[in-house]
Each structure stands twice: as structure tokens, then as C-alpha cells.
1. Please work out if Ser157 is within 14 Å of the ligand (Cβ to nearest atom) and farther than 22 Å from Asp134 by Cβ.
2. I'm checking my understanding of the structure. Among residues of the range 335-379 that are near the ligand (Cβ under 10 Å from one of its atoms) and in contact (Cβ under 8 Å) with a residue 60 or more places away in the chain, which one is surrounded by the most Cβ atoms within 10 Å (Cβ to Cβ)?
3. Is there a residue in the range 8-30 that is of a type outside the set (Val, Ile, Thr), modelled with pLDDT of 95 or more and in contact with a Lys or Arg (Cβ under 6 Å, 6 or more places away or on another chain)?
4. Considering only helices (runs of 4 or more DSSP H) fully contained in the range 48-134, which possess at least 1 residues that are over 13 Å from the mean Cα position of the chain (by Cα)?
5. Given the criteria polar (S, T, N, Q), closer than 25 Å to Val65 by Cα, in a loop (DSSP other than H, G, I, E, B) and within 11 Å of the ligand (Cβ to nearest atom), does Ser309 qualify?
6. What's the total number of residues in the range 164-192 that are among the polar types (S, T, N, Q) and either more than 16 Å from the ligand (Cβ to nearest atom) or part of a loop (DSSP other than H, G, I, E, B) (or both)?
Amino acid sequence: MLLTDEQRMIQSMVREFSRKVLRESAMERDKTKAFPKDNLKKMAGLGLLGMTVPDQYGGAGADAVSYALALMEIAYSCASTAVIMSVHNSIVCETLNYFGNEEQKNHFLKKMAQGKMIGAFALTEPHAGSDPVDQLTTAVCDADTYVINGNKRFITSGKNAGLIIVTAKTDESQGHRGISAFLVPQGTPGLQVGKEEDKMGLRASDTVDLTFNNCRVPKENLLGKEGEGFKIAMKALDSGRIGIAAQSVGVAQAALDESINYSKHRVQFGRPISKFQNTRFVLAEMATQIEAAKQLMLSAALMKDQGLSFSRQASMAKLFASEMVNQITAKAVQIHGGYGFIKEYTVERLYRDARVFTIYEGTSEIQKIVISSHLLKDR
Ligand code: COS
């Protein structure tokens, strides 16, 4: 796909920032698990935390293609920062912009688009991951409040977020149509941030349990209509999945670049390993896979920009790109030989960071369910 001048300009601006500011410190963040607060502030200054939010709400008003390219560039240097950016932009800001009323947008979205608040989305529960309809969290209307009770699990940015979109059952008898979504500001009495997971990768992004114990939010914090929560989550995930595809492509590109560089300098049997046909063929295959994933990601983003239904394409991009990056980072470790297994080498982190991409925001198996349902519906 050919990019417009503006899309190319945004990509190169983000690339410069990402490689100058995020890249070198990524390894340190991986060790210390330090949340990248200062970097997020800098990203907010560049308009990266409200990228697709209209400018009337303080956003950059960028298109989905530019946003995907920007996210890919951030992921190239730091996948932890990229997932925070992705959940904040694709899942929270966009959802608030689409389903929120004027008051909610003026109150929350403006702050979020300027990076004064980071967003989180609380759908998953201890026993309800792929099947969110089975969630147990409830919200009961009481006078002019909703009282939320339940437990959410694996919530990205749940500790550092200022606003959390929470799904809860408002009518048990209605199945998916009995789920609603609520805006819950951090610090609301009854909301407790629980244990932070000690993860294999994406270590600078916090992943926590959230407990709601008679947590009251005003009625005005209902997002959309009562019973619309499942639809809101599914729509949010469609956009989120383009984000995970972009994150996958960025990490894969970093793994390829590290491999090219290493293969040119690593001498075995009297010559750089890049002179061996096997290395060259592996690099060629890696580059081809990355390009294919990138084009799928861009086509999903373009369909979104054109107002077309893009759910199937987003799932295809997420499925292909997340599986691809796991293969690419494994190949990158193999090219690095024993050094690829050592933490001093970037590919070791990339390999770990990529592992969750086929799992979160819908496993590969869930993507196949979404894609096949569309295929069977379309005929
Ligand atoms: N956008 C808007 N609405 C959607 C939608 C979408 N992409 N996909 C489904 N819906 C709506 C349907 O229109 C339907 O609504 P109505 O009954 O009112 O018409 C409703 O949602 C149920 O749809 P469907 O029957 O297809 O849902 P299923 O329960 O069969 O399956 C899957 C849905 C499995 C695809 C869904 O549960 C899913 O994506 N699971 C994975 C969740 C996930 O990614 N978890 C990780 C969380 S990270 S935040």
C-alpha cells in the first residue's frame, strides 16, 4: 500500500523519537519493570496519546493508518510502551470517543488525549478470558449510582491508569445483552488494585488484578446504553487487534534488523555468517513475512479509515502478525546462536515480549472463530 506524504511524515517523526528516546532504555525497563511515565509524557507532547481522537477533544485527529504506523515504530524500540499506547488509544480513547456522550468526552477524553490520564480496559476475569459473556462482575443500579462488585484479571495499565472502562452484568438473564460498560476513575472507593503479575515479557507495562467491592459510580458514568457493554467490548477489540498487529510488525522488524546487523559481524568458518546461503535465505523469509503482515495491518487500518466493516480484516492482521512475530523472533535468536539466549542481546527480550501477542486481545484461536464466522456469514 502506498502511503500519503502525511502518513510518511508521521511515521518518520515517530521513528526518530522512538529510536532516540525509547530504544536504549528498553533493556533497563525490562529489568526494573519501571512504568515509562516520563516517556509517556513526551509521547503526549507529540500527540501520540490521543492520535485518532478529534481535535475538538484535544486529540491529533490522525487516521487509522498513521496511528498503526506510529504504534509500529514505538513497538520497534519498546514493546512495553507500545502496549500501553495501544490500549490507551485503540481500546479506551476510541471507545470513549465512539460511545461516550458530550459530558463524558469533555470530562475524560480531553484529559486522556493530552496524556494527563492513561486508560485501561477491564473485561477479563479469572475464569472468563476468551468467553467474556461468562463474566461474574455485576453492576446494580441504586438510586443515582451503579454499585459494582467483582474481580477483573490481567488488566494492562490497571495500576497506572487514571480511567478504567469496566464491563459488568446489569441483567443476568440477558446473556451478552445484559452486560454494560462503566467509566471508573482510579481512586474510586471500593476499587482496589491487586497483585501485579511478574510476566515473561512486556515487563514495563503493569498487568494487575482489579477488585470491585461495592464500588459506586454515578449513573452518568454508564458508557453507551445499559446492555451495550459486550458490543462496546467487541468493537473496542476490533481496533485493538489492529494495534496488536502493528505492535507485532514493529517487534518483528526490530528482530530482523538485529539479525542483519549481527550476521554481518559474526564471523564463523572464516567469513561473516551473512555470506552463508542459509542465513541469507532465513533473512529473506523473515523480511517477506514481515512485509506480508504489515500489508495486512495497513489494509485493516485503511478499511477502518474508509468506514468499511473491518472486523474480519483486523482479526486476520492480528492472527497473521502475532504468529509471524513469534516465528521471526525465534529465528532471530537462532541466528544469534548462544548470544541470542543472553539478556545482553536485544533479541532475547524481543522473543519474550512477542510471546503474549498470540494470546492477549483474543487468542489466535479466537481470531479464527471471528474470521470463520465472517466467512460463513458472507456466503
Ligand atoms: N462489533 C460490534 N458488535 C459485535 C462484534 C463486533 N466486532 N462482534 C460481535 N458483536 C455483537 C453481535 O452483533 C451480537 O450482538 P446481537 O446479538 O445484539 O446482534 C453479539 O455481539 C454477540 O455476537 P456473537 O454471537 O458473534 O458472539 P459470540 O459470543 O459467539 O462470540 C467471540 C464472540 C468469541 C468472538 C468473543 O467472545 C471474543 O472476541 N472473545 C475474545 C475476547 C477477548 O479478546 N478477550 C481478551 C480480552 S483483552 S481486553
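The values are calculated or read from the model by the stated rules, or taken from the named source; none is laboratory data. Only a predicted model underlies this, so the values are computations on that prediction, with no experimental measurement involved. Glycine also receives a Cβ, built like all others from the backbone with ideal geometry; neighbour counts cover every protein chain displayed.
1. Spelling it out, Ser157 is indeed within 14 Å of the ligand (Cβ to nearest atom) and farther than 22 Å from Asp134 by Cβ.
2. Out of the qualifying residues, it is Glu361.
3. Yes.
4. 64-77, 94-99, 110-113
5. It is true that Ser309 is polar (S, T, N, Q), closer than 25 Å to Val65 by Cα, in a loop (DSSP other than H, G, I, E, B) and within 11 Å of the ligand (Cβ to nearest atom).
6. Going through the range 164-192 one residue at a time, the tally reaches 4.
Residues checked against (1) buried (at least 21 other Cβ atoms within 10 Å of the Cβ); (2) within 16 Å of the ligand (Cβ to nearest atom); (3) outside any helix (DSSP H, G or I):
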| position | (1), (2), (3) |
| --- | --- |
| Gly194 | no, no, yes |
| Leu202 | yes, yes, yes |
| Asn213 | no, no, yes |
| Glu220 | no, no, no |
| Lys225 | no, yes, yes |
| Ser239 | yes, yes, no |
| Gly250 | yes, no, no |
| Asp257 | no, no, no |
| Ile260 | no, no, no |
